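Structure first, commentary second.
The values are calculated or read from the model by the stated rules, or taken from the named source; none is laboratory data. Note that the coordinates shown come from a computational prediction; the quantities given were computed from them, not determined experimentally. Quick reminder, even Gly has a Cβ in these numbers, built from the backbone with ideal geometry, and neighbours come from all protein chains shown.
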Amino acid sequence: MEPLHILDQGEWFGYSCEARAAWIFASRLLAVSAGVYGFVLMRRFKLWGEIRFRGLGAPPMIDQRFLPYAMWAVAISVVCYSMYEAPAFSREVLYVKGSKLTETGCRGLQPYEEEFALNGMTVVFQNFHQKGRDGSKMVVSTPGHRNIAINLDSKFYPNLVEFAPSIMSEYVRRLRKDGEPVPPELKTLD
């Protein structure tokens with residue numbers, strides 16, 4: 001029996017946990033390094049003038065001697081943040097096979113696979129507001145396990161309909177109520 005694919009996290013899909021952590025760390029570090037280097041160039045070429053607060057001169061602690069320490073503090077905090085985020089938990093694939101919902105991904109630098117029994121599972125629909133936009137998700141709860149949130153902006157609509165038809169019908173009703181376009185795969189739902 002072929003697994004019913006529900007979700008994949010496409011950004012890092014297919015990379016090993018170590019490669020994923022290395023790429024995340026390097027990309028965060030390069031972005032921050034570019035920002036710090038831009039700050040250094042602006043200070044060196046005096047592109048922003050004298051630092052002033054509400055028309056007053058800068059307090060004595062913010063002068064030419066203080067700024068290098070502030071830059072180093074920012075750079076070190078960014079490196080620490082990059083090191084923290086690189087091995088963070090990330091889900092790779094979520095699929096249903098037989099009577100189990102299986103989730104794979106990375107915890108730290110180690111791959112993991114966790115199974116949730118479909119027997120006793122509850123699925124609920126939730127709206128949320130994040131980063132200036134409204135969205136919808138289904139939350140899957142299994143006794144004795146953590147909840148799994150599945151964002152409904154997905155490329156696996158037919159599989160989501162097969163997994164939770166009532167939730168997807170509720171999602172289509174919300175889209176129509178908000179005047180948003182309904183994906184072609186969901187037009188037959190109410």
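For segment 139-157, which residues satisfy the criterion of being outside any strand (DSSP E or B) and out of contact with any His (no Cβ under 8 Å at 6 or more places or on another chain)?
Scanning segment 139-157 gives T142, P143, G144, H145, R146, N147, L152, D153, S154, K155, Y157.
Of the residues in segment 160-183, how many are surrounded by 14 or more Cβ atoms within 10 Å (Cβ to Cβ) and under 20 Å from G120 (Cα atoms)?
6
Please go through segment 23-76 and pick out each residue that is among the polar types (S, T, N, Q) and at pLDDT 75 or above.
S27, S33, listed by residue number.
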